[in-house]
Amino acid sequence: MSTHIFNTCSTFNALWLERIQGALQGERFVKMTVGVSRNLFIPFVAIAIFLAMWGAAASKIETSLGTLPGPAKVWEQTAQLYKEHQVSQEKEVAFYQRQEQRNAERLKHDPDYEPKIRPYTGAPTFFDQIGTSLLTVATGFLLASLIAIPIGIVCGMSATLYQALNPLIQIFKPVSPLAWLPLVTIVVSAVYVSDDPLFAKSFVTSAITVTLCCLWPTIINTTVGVSSVDKDLLNVSRVLRLGWFTKTVKIILPSATPMMFTGLRLSLSIGWMVLIAAEMLAQNPGLGKFVWDEFQNGSSDSLARIMVAVLVIGLIGFLLDRGMLLLQRRVTWDRNAVLR
C-alpha cells in the first residue's frame with residue numbers, strides 16, 4: 001500500500017515538474033522572441049523605412065551634378081571603390097615584383113650592388129584612407145587619454161587644484177577644431193623640422209588637433225568620478241593607513257572607472273568628428289580628404305561617393321563607441337553600462 005502511494009506521489013510530482021519546466025521554457029521562449037524582435041527586427045524595419053524614404057526623396061532632388069543618388073547608386077559606388085582598391089593592390093604587388101626582378105638581375109652581373117627598394121607611390125584608395133583615419137584618431141585619442149586621465153585623477157583628489165584648473169578647462173572646452181587647426185599647423189611647421197621625418201606633418205597636425213579636442217570630456221568625467229568616490233571607502237583607506245599610490249590604485253580608480261569610461265567614450269566620439277574636418281583642412285590622407293577631393297572633383301559619381309564616405313564615417317563611429325562600451329564592461333565592475 002505504501003509503495004503504491006509512493007509511486008502515485010512520484011508520478012504526481014513528475015507531472016508537476018514537467019508542467020513547471022514547460023512553463024519556464026515557454027517563458028524563456030517568449031523572452032528570447034521579444035529580445036530578437038527588439039534587437040534585430042525593429043532596427044531592420046526602421047532601416048528599411050529609411051532606405052525607402054531616401055530612395056523616394058532622392059529621385060526628386062536635382063543638383064548641379066544630377067539627381068541626388070539613392071541607395072542603389074550608393075551601393076554601386078561602394079562596389080566600384082572596392083574594385084579600385086583591388087586594382088591598386090595588384091599594381092602595388094606588381095611594382096614590388098618588378099623591383100625585385102631588376103635587383104636580382106643587377107646582382108647577377110654585379111655582386112657588389114646594393115639593392116634599393118623604392119616605396120610604391122600610387123594614390124591611396126578609399127580603404128587605405130579609412131586605415132589612415134583610424135590610425136590618426138587612435139593616435140590623438142591615446143595621447144589625450146594619457147594626458148587627461150592623470151589630470152582628472154589629481155583634480156578629483158584635490159579641490160584646490162580643481163579650482164585652479166577649472167577656469168582653463170571651461171575656456172578651452174568649447175573651442176572649435178577649426179580654431180585649433182591653424183595654430184597647430186603653424187606650431188608643427190615651426191617645431192617639427194626634419195630631413196627624414198618619421199610621420200608626415202599633415203598626420204601630426206591632424207593627430208594633435210584631435211588630441212586637443214579629446215582632452216576635456218575625459219578630464220571632466222574623471223574628475224567627477226574620483227570626487228564622487230564613497231566616503232566610507234576613503235575612511236577605510238585611512239584606517240588601514242594606505243599610501244597615496246595604493247589608495248589610488250585599489251580604491252579610487254576602481255570606483256571612478258565607469259565615469260572615466262563615459263568621458264573616454266565622449267572623447268572618442270568627438271575625436272572622430274573632429275578628425276574629418278581636420279583632414280579636410282590639413283589635407284592629411286583620410287576620409288576627410290577623400291570627401292573634399294570628391295567635392296572638388298565634381299564628377300557625376302562624386303555625390304554617391306561622398307554619401308558612401310558619410311555612411312562609412314557614421315558606421316565606424318558607431319563601432320568605435322560600441323567597442324569602448326564592450327571594453328568598459330570587460331574591465332570594470334559596471335556590467336550594466338547602457339548601450340546608448
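Rundown of residues vs (1) within 29 Å of Met324 (Cα to Cα); (2) in a helix (DSSP H, G or I), yes/no style:
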{"residue": "Pro150", "(1), (2)": "yes, yes"}
{"residue": "Thr160", "(1), (2)": "no, yes"}
{"residue": "Ile169", "(1), (2)": "yes, yes"}
{"residue": "Ser194", "(1), (2)": "no, no"}
{"residue": "Ser202", "(1), (2)": "yes, yes"}
{"residue": "Met259", "(1), (2)": "yes, yes"}
Expected single match for assigned to a helix (DSSP H, G or I) and not assigned by TED's automatic domain parsing to the domain that holds Leu319 among Gln99, Gln129 is Gln99
Going through segment 70-96 in order, the residues found to be within 23 Å of Gly286 (Cα to Cα) and either of a type in the set (Lys, Arg) or in a loop (DSSP other than H, G, I, E, B) (or both) are Lys73, Lys83, Lys91
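Per-residue answers, yes or no, for (1) of a type outside the set (D, E, K, R); (2) over 29 Å from Val226 (Cα atoms); (3) over 28 Å from the mean Cα position of the chain (by Cα):
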position: Gln101; (1), (2), (3): yes, yes, yes
position: Leu134; (1), (2), (3): yes, yes, no
position: Ala148; (1), (2), (3): yes, no, no
position: Lys173; (1), (2), (3): no, no, no
| task | Could you please let me know if Val87 is over 28 Å from Ile313 (Cβ atoms) and either touching a Lys or Arg at 6+ places or on another chain (Cβ under 9 Å) or not charged (D, E, K, R) (or both)? | result | no
Selection from segment 204-241 of residues under 20 Å from Ala159 (Cβ atoms) and in a loop (DSSP other than H, G, I, E, B) yields Ser228, Val229, Asp230
Taking segment 118-129 and keeping only residues that are touching a residue at least 12 places away in the same chain (Cβ under 8 Å) and out of contact with any Gly (no Cβ under 8 Å at 6 or more places or on another chain), one is left with Arg118, Tyr120, Gly122, Ala123, Pro124, Thr125, Phe126, Phe127, Asp128
When (1) surrounded by 14 or more Cβ atoms within 10 Å (Cβ to Cβ); (2) farther than 22 Å from Asp293 by Cβ; (3) under 23 Å from the mean Cα position of the chain (by Cα); (4) not aromatic (Phe, Trp, Tyr) are applied to Ile47, the one that fails is (1)
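The values are calculated or read from the model by the stated rules, or taken from the named source; none is laboratory data. Just so it is clear, the model here is predicted, and its values are computed rather than measured. Reconstructed Cβ throughout: ideal geometry from the backbone, glycine too, with neighbour counts over all protein chains shown.
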